[in-house]
Amino acid sequence: MLDRIDLLILDVDGVLTDGRIIYDSRGADVKAFHVVDGQGVKYWLRVGHQAAILSGRASRTIRIRARDIGIDAVYENAKDKLPVLEKILKRFGRTPDRACYVGDDLLDLPVMAHVGFAAATAGAPDEVQRMAHYVTRRPGGAGAVREVVELILKYQGRWGQVLARYTDQLPPGLPARRRPRRDPE
């Protein structure tokens, strides 16, 4: 199942964020994103995979974060996410079995049922966790997306490609016990 996944589709609130929505005095929303999730998306894209955002809300903050982490395909204000999933699949020329969706609430159930690999964030409702192939240990906004990215890339044998960018710069005399493993056990 994981070997064919090359399209990552992410909800935002409760997945890329902790789910809280804060409004400033002018009514604009403020969201906090974790750097490890953004870096995970960049690693995903770096190995040649694709990514999209599928959110039930619209927010300028979402578009800014998407641009920062390299996601061009941003679909917002999707109250019914299944038709939008079809648009995303068509845009990238993918079938549902090649997509991973990360969600956290009931609105995500139809999409989770249609993709090849569905992940739910820790703390998602029971119904969402039951629909998921995988439930993250880390909560949304605190590394859940990175966890899913690493899981898939390690399964695909692509994590070493990500690590090489950094491990190739390590001094040659560094003891093996301190070196990261390129291929997980």
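Per-structure values
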read-out	value
Condition check for residue 122: in contact with a Pro (Cβ under 6 Å, 6 or more places away or on another chain) and without any contact (Cβ under 8 Å) to a residue 24 or more places away in the chain	yes
Candidates 174, 163, filtered to the one that is out of contact with any strand residue (DSSP E or B) (no Cβ under 6 Å at 6 or more places or on another chain), at pLDDT below 95 and assigned to a loop (DSSP other than H, G, I, E, B)	174
Identity of the residue in the stretch 3-27, aliphatic (A, V, I, L, M) and surrounded by fewer than 19 Cβ atoms within 10 Å (Cβ to Cβ), that ends up nearest to the chain's Cα centre (by Cα)	21
One residue from 174, 170, 153 being among the hydrophobic types (A, V, I, L, M, F, W, C) and within 18 Å of residue 48 (Cα to Cα)	153
Checklist (1) touching an Asp or Glu at 6+ places or on another chain (Cβ under 7 Å); (2) modelled with pLDDT of 95 or more applied to residue 127, failing item	(1)
Residues of the stretch 46-65 satisfying the condition of being within 25 Å of residue 109 (Cβ to Cβ) and among the hydrophobic types (A, V, I, L, M, F, W, C)	51, 52, 53, 54, 58, 62
Top-ranked residue in the stretch 1-27 [being touching a helix residue (DSSP H, G or I) at 6+ places or on another chain (Cβ under 7 Å) and assigned to a loop (DSSP other than H, G, I, E, B); ranked as nearest to residue 122 (Cα to Cα)]	15
Out of 97, 105, 126, sole residue that is within 15 Å of residue 15 (Cα to Cα) and among the acidic types (Asp, Glu)	105
Lone qualifier among 128, 145 - being farther than 14 Å from residue 41 by Cα, outside any loop (DSSP other than H, G, I, E, B) and of a type in the set (A, V, I, L, M)	128
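Every residue, every condition in (1) farther than 25 Å from residue 19 by Cβ; (2) out of contact with any Phe, Trp or Tyr (no Cβ under 8 Å at 6 or more places or on another chain), yes or no:
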residue: 84; (1), (2): no, no
residue: 109; (1), (2): no, yes
residue: 116; (1), (2): yes, yes
residue: 132; (1), (2): no, yes
residue: 145; (1), (2): no, yes
residue: 150; (1), (2): no, no
residue: 163; (1), (2): yes, yes
residue: 168; (1), (2): yes, yes
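The values are calculated or read from the model by the stated rules, or taken from the named source; none is laboratory data. Source: prediction; values computed, not measured. Every residue, glycine among them, receives a Cβ derived from its backbone with ideal geometry; neighbour counts consider all protein chains shown.
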